[in-house]
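Quick note: the coordinates plus some simple rules give every number you see, no bench work behind them. Note that the coordinates shown come from a computational prediction; the quantities given were computed from them, not determined experimentally. In this analysis, Cβ positions are derived from the backbone assuming ideal geometry, glycine residues included, and neighbour counts consider all displayed protein chains.
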Amino acid sequence: MSIDQIIAQGVAKAVKELYGAETPADQIVPQTTRKEFEGNLTVVVFPWVKAARKSPEQVGTEIGNWLVDNEPAVDRFNVVKGFLNLVIEPTFWCSVLRHIEDTTDFGLTAATENSPLVMVEYSSPNTNKPLHLGHVRNNLLGFSLAEILKACGNRVVKTNIVNDRGIHICKSMLAWQKWGDGVTPEKAGKKGDHLIGDFYVLFDKHFKQEVKELMEREGISEDEAKQKSPLMTEAREMLRRWEEKDPDVRKLWEMMNSWVYDGFGDTYKRLGVDFDKIYYESDTYLEGKAKVLEGLEKGIMTRDADGSVWADLTDAGLDRKLLLRSDGTSVYMTQDIGTAKLRFQDYPIDKMIYVVGNEQNYHFQVLSLLLDRLGFKWGKDLVHFSYGMVELPEGKMKSREGTVVDADDLMEEMVSGAREVSRELGKLDGLTEAETEEISEIVGLGALKYFLLKVDPRKNMLFNPKESIDFNGNTGPFIQYTYARIRSVLRKAAEMNLTAADYSAVAPNEKEIALIQTLADFPATVQEAGRTYSPAIIANYVYELVKQYNQFYHDYSILKEDDAAVRSLRLALCDATSRVVATGMGLLGIRVPERM
RNA sequence: GCCCCGGUAGUUCAACGGAUAGAAUAGAAGUUUCCUAAACUUUUGAUAGCAGUUCGAUUCUGCUCCGGGGUACCA
């Protein structure tokens, strides 16, 4: 049982005996005492002031006295206004540390066969352009969320739905046909996803030009011009032929998609994310169509005069939603219905989580409702993990306008930045080329990942390409550096062959207690991150932990401490801290180096 | 128009309804015969506005102002 639980239960008993108040222990959440007051844990006593009919100070004093008399872990207390500050028996902390040391996978809960099966969908790229910073946030959040849910005792399936068909990919295909001159990734010396992206931009350039000319020549509106544009007509025609499984179109499509997958594969690998099961829209959209037609028969959907199929959701406060175009082709929503169906066929999923940007909040509201009406019993309970946009100083990133921060470029910049900093600081002296590269990779990506994950996922965040991501302060490298320093101490300790001593009777100093207390909070932090779907909670926790370690490290000697018991306590602290840091960073998908 | 989300130091981010709103960075000043100074210490600086609920509001409610997103036969 954790110290928080011990105190909570003690307080629950105390208020029952003293005031006859029934308060469940899990509703009493002791907080860490602010550093300007004496104590380790603080209980707010205002909730019982009414029942006690006494002043907050009196209530605090009475509960405090009760705890000192009845709870061995409580040494003494003080009361400030309605705040009861408890000082825990110092040697109690040694047993807490011992417990952490003795627990393998401290903070993690292993899943069993009966654990809930959670499917996390993330990444879900379109195959017409390379990944950018927004996708990076998505990928890191999805991966981390999956790791955190695993750590909370769930069985997790990571999945990806690749949007490999649709008008967007036809645009790239058409542009390649028209202006590509048979170019391939090999011939161009370019990653396949980048090459395809170039053609997508090229299509848009010609298309815009065409629309402009049409508007001028025929004096029609922009919308009309877009409809009439020969390029767009050709793209639509290509999509129609694709749906008819025209061999030539399919062959081109397969070739160009394979280029993109090779490119994505490289990016995913460097980013360190992976998937247990990948779905392709080209396999799922027909399932969706079938479900929609089924819904049409059941009267859940209606067909308009032009042949298009709609769902009327106005009774639920939403709009009419298109599900099949007048030419019979399917839209995004249709495909998501089909994908959901296949997934639940493939796995006995208890919970489905979609990691998708908040610009699609409405989409998921509609999807949830539609799945429910189509008879999917999980529809109502699907979770849209809605994260904020990564904005640039000029605003939103737009692929077609080229104002995007490319994922591959950014990773490369971060790694070379890390290499430079290391070199300047002389950290790489005496290391091999391979070691240098390994460390630069770990640190550069660590900086990028931590930068994106430390922010509350729900909020929009800003990335300024002109200011490179920092390596000092509240950053990934700061945490990695602390880890490397601890590992260095532990290596030296091993070399010195120090004899371990029993530290259970040592009264730890203030910094040591603060560190143990923070370490002990790790399991609860993991649970909270899982409950609230927030990697940021882990990130902020690890930062707080290493900051406390650094203060301890600065103020006290470890290896040079003469008292064997104290030295053992400190080495145990180092060991426990390094393990929690590594585990915590692992939950974020961030590696930690042995030296840097 | 309608619907959602946000507004906290110069900047980027924190704060289960709890104490004097924390960090980082930028600025100022310090710490290295000692386990890695990518560190540590000190210091300047903020809740958009107005009401309300509460012992207590950055947090909950309403209104105003300012941003962002959605409302597509795009995904």
Between the Cα axis of helix A:510-520 and the main Cα principal axis of chain A, the angle (0 to 90°, nearest 10) is 50
Expressed in Å to one decimal, the Kirkwood Rh of segment A:447-588 from all distinct alpha-carbon pairs is 16.3
Rg(Cα) / (2.2 N^0.38 Å) computed for chain A, rounded to two decimals = 1.18
What share of the DSSP beta bridges in chain A is antiparallel, in percent to the nearest 5?
-> 50
Ordering of A:430-438, A:289-297 by burial proxy (mean other Cβ atoms within 10 Å per residue, highest first) = A:289-297, A:430-438
Looking at segment A:214-257, which GluC sites (Glu not before Pro) are in a loop (DSSP not H, G, I, E or B) and have at most 15 other Cβ atoms within 10 Å?
-> A:Glu244
Paired Rg and Dmax values of segment A:364-501, which use every Cα atom, in angstrom | 21.9, 69
Determine the percent antiparallel among the DSSP beta bridges restricted to segment A:276-405, to the nearest 5.
-> 65
Expressed in nanometres to one decimal, the distance between label points 7 Å along Cα→Cβ at A:Ala500 and A:Lys16 is 4.0
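In segment A:547-594, what chymotrypsin sites (Phe, Trp or Tyr not before Pro) fall in a loop by DSSP, with at most 15 other Cβ atoms inside 10 Å?
Answer by residue number: A:Tyr556.
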Work out, step by step, the length gained on full extension between A:Asp562 and A:Asn464: first 0.36 nm times the residue separation, then minus their alpha carbon distance; give nm to one decimal.
-> 30.3 nm
Can you list the equivalent-ellipsoid semi-axes of segment A:3-89, largest first and in whole Å, using the square root of 5 times each Cα gyration tensor eigenvalue?
-> 18, 14, 12
When you have a sec, figure out the Kirkwood radius of segment A:41-164 from all distinct Cα pair distances and drop it here in Å to one decimal?
-> 19.3
Gain in length, A:Lys269 to A:Ser488, computed as 0.36 nm per residue apart minus the alpha-carbon separation, to one decimal in nm?
-> 75.9 nm
log10 I(q)/I(0), Debye, Cα-only segment A:290-337, no solvent, q = 0.17, 0.24, 0.28, 0.33 Å⁻¹?
-> -0.44, -0.88, -1.14, -1.33
Gain in span if fully extended, A:Ser2 to A:Glu186, counting 0.36 nm per residue against the direct Cα distance | 60.4 nm
Residue-averaged [θ]222 nm for chain A, counting only DSSP H segments that reach four residues, each worth -39500 (n - 2.57) = -18000 deg cm²/dmol
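Per the Cauchy relation, a quarter of the hull surface: what is the mean projected area of the convex hull of the alpha carbons in segment A:330-420, in nm²?
Seen from a random direction, the Cα hull of segment A:330-420 projects 9.0 nm² on average.
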Longest to shortest principal axis, alpha-carbon extents of segment A:237-277, angstrom | 38, 18, 14
For segment A:165-275, just say rounded, prolate or oblate: build the C-alpha gyration tensor, square-root its eigenvalues into a ≥ b ≥ c, call rounded for a/c under 1.5, and beyond that prolate if a/b exceeds b/c, oblate if not.
-> prolate
Computed over chain A: longest principal axis from alpha-carbon atoms vs helix A:433-453 long axis, angle to nearest 10 degrees, is 90
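Among the GluC sites (Glu not before Pro) in segment A:319-426, which ones are in a DSSP loop with at most 12 other Cβ atoms within 10 Å of the Cβ? Mind listing them?
Answer by residue number: A:Glu394.
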Sorted by mean Cβ packing within 10 Å, highest first, what order do the peptides A:557-567, A:67-77 take?
-> A:67-77, A:557-567
If N is the residue count of segment A:276-405, its Cα Rg over 2.2 N^0.38 Å rounds to 1.15
Folded to 0 to 90 degrees: helix A:564-587 orientation relative to chain A principal axis, Cα = 20
Which of A:Lys191/A:Lys398; A:Lys187/A:Lys208; A:Lys190/A:Lys454 have a Cα-Cα distance over 24 Å?
-> A:Lys187/A:Lys208; A:Lys190/A:Lys454
Label zone at A:Glu297, where the point sits 7 Å out along the Cα-to-Cβ direction: segment A:318-357 residues whose backbone N lies under 20 Å = A:323-325, A:328-330, A:334-335, A:337-342, A:345
May I have the pair-distance distribution P(r) for segment A:458-523, computed from all Cα-Cα distances with 5 Å bins from 0 and rounded to whole percent?
-> 3, 11, 9, 16, 21, 13, 10, 6, 4, 5, 1
Is the shape of segment A:140-230 best called rounded, prolate or oblate, per the rule: a/c under 1.5 gives rounded, else a/b larger than b/c gives prolate, else oblate, with a ≥ b ≥ c the square roots of the Cα gyration tensor eigenvalues?
-> oblate
